[in-house]
Amino acid sequence: MNSCSLMEVAKRGVLGKSTLTTFLFDFDGTLADSLATIVEITNRLAPEFGYRPTPLDEVEALKGFSTRQLIRYSGIPLLKIPALLRRLRVELKSYDLPIAPCAGMPAVIRQLHAQNHALAVITSNAPEVVHAFLAANALEHCFFGVDGGGTLFGKGRLIAKCLERHQLVPVETVYVGDEVRDIQAARFAGIRPISVTWGFNSREALAAAQPDWLVDEPDALPAIAQSLFRQ
């Protein structure tokens with residue numbers, strides 16, 4: 001579906017109407033409750049890539065760390081990060097257990113789609129992982145595109161390319177993510193960030209980065225959509 005244009009999506013919208021606000025979503029920690037899976041895989045890969053594994057009892061404390069702080073904490077050599085990301089994507093594609101959705105998100109996604117807001121996913125994860133997740137949760141029809149891959153800090157460029165490819169209007173587009181780097185990526189691309197507190201970074205870390213919206217429950221997203229439409 002990522003080859004279709006937003007105009008085509010608008011023309012054949014669920015209710016036959018034009019789309020309203022465009023919501024671009026991060027995947028891990030925002031739509032998918034994948035933190036435990038990622039920690040398990042990265043801990044298993046730690047000896048191969050030469051970094052410190054993360055004990056499960058330390059994960060909560062690390063939620064206040066930025067990505068760069070986590071890199072320093074783990075001790076992974078910077079030159080090995082691209083290879084680690086590629087390996088992590090491969091491992092996630094072949095992971096035996098399905099990744100569960102974040103609580104309440106499937107219903108909110110269906111609600112936003114039914115209200116004719118345009119939805120897409122932009123993630124550092126592999127598109128194949130996202131498509132499998134969306135299909136497993138009967139959500140594929142809700143999204144006009146999935147863009148993934150890239151570097152750890154390259155999400156801003158992915159967002160900018162999505163805006164250009166689909167001719168999205170920046171003031172009518174938001175990016176929903178669970179990390180400080182998602183806020184930075186949205187600002188890089190010239191759109192407003194919405195931060196959710198049920199993912200990787202803590203509420204305090206997200207608030208310090210000053211997103212346009214900071215939400216604690218998925219049900220807050222439709223209300224934001226309505227406020228954007230009224231603007």
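If R0 is taken as 35 Å, the Cβ-Cβ distance between D219 and R87 corresponds to a FRET efficiency of 0.45. If you run the Gaussian network model on the chain, springs between alpha carbon atoms under 10 Å, then out of D182, D28, D212 the most flexible one is D212. Per-residue ellipticity at 222 nm, computed for the chain from helices alone with -39500 (n - 2.57) per DSSP H run of at least four residues, works out to -13000 deg cm²/dmol.
For the range 132-144, 3J(HN,Hα) computed residue by residue from phi via the Karplus equation (6.51, -1.76, 1.60; θ = phi - 60°) reads 5, 5, 5, 5, 5, 10, 6, 10, 4, 5, 7, 10, 8 Hz, glycine and proline entered as x.
Multiplying the residue separation of E58 and R203 by 0.36 nm and subtracting their alpha-carbon distance yields 50.5 nm.
Suppose R0 equals 45 Å; then what is the FRET efficiency for L79 and E140 from their Cβ-Cβ distance, rounded to the nearest 0.05?
Details: r = 37 Å, r/R0 = 0.82.
It comes to 0.75.
Here the 3J(HN,Hα) profile of the range 46-62, calculated from phi with Karplus coefficients 6.51, -1.76 and 1.60 at θ = phi - 60°, is 3, x, 5, 9, x, 9, 7, x, 9, x, 4, 6, 9, 4, 4, 5, 7 Hz, Gly and Pro shown as x.
Rounded to the nearest 20 debye, the dipole size of the chain about its Cα centre is 760 debye, using +1 on the Cβ of Lys and Arg and -1 on the Cβ of Asp and Glu.
Taking F23, F188, F143 as the candidate residues, the one with maximal mean-square fluctuation in a Gaussian network model of the chain, Cα springs under 10 Å, is F188. Take A103, project a point 7 Å from its Cα along the Cβ direction, then tell me which residues of the range 23-43 have their backbone nitrogen under 16 Å from it. Backbone N within reach: 29-36.
Is the shape of the range 35-93 rounded, prolate or oblate, going by the alpha carbon gyration tensor and its root eigenvalues a ≥ b ≥ c, with a/c under 1.5 for rounded and a/b larger than b/c for prolate? Mind showing how you got there, number by number?
On the way: a/c = 1.65, a/b = 1.21, b/c = 1.37.
Taking the square roots of the gyration eigenvalues as a ≥ b ≥ c, the range 35-93 is oblate.
Summarising the amide proton neighbourhood of D147: residues at separation of 5 or more, or on other chains, whose placed amide H is nearer than 5 Å comprise V121, I122, T123. Scanning residues 5 or more positions from V176 or on other chains, those with amide H under 5 Å from its amide H are L24, F25, D26, I194, with H placed 1.01 Å from N in the peptide plane. The residue among Q210, L56, F188 whose Cα reaches farthest toward the positive pole of the charge dipole of the chain, with charges on the beta-carbon of Lys, Arg, Asp and Glu, is F188.
Rule-based calculations on the coordinates, nothing more; no lab input. This structure is a prediction, so every number in the text was calculated from the model and none was measured. Here the Cβ is made from the backbone with ideal geometry for all residues, glycine too, and neighbour counts use every protein chain on show.
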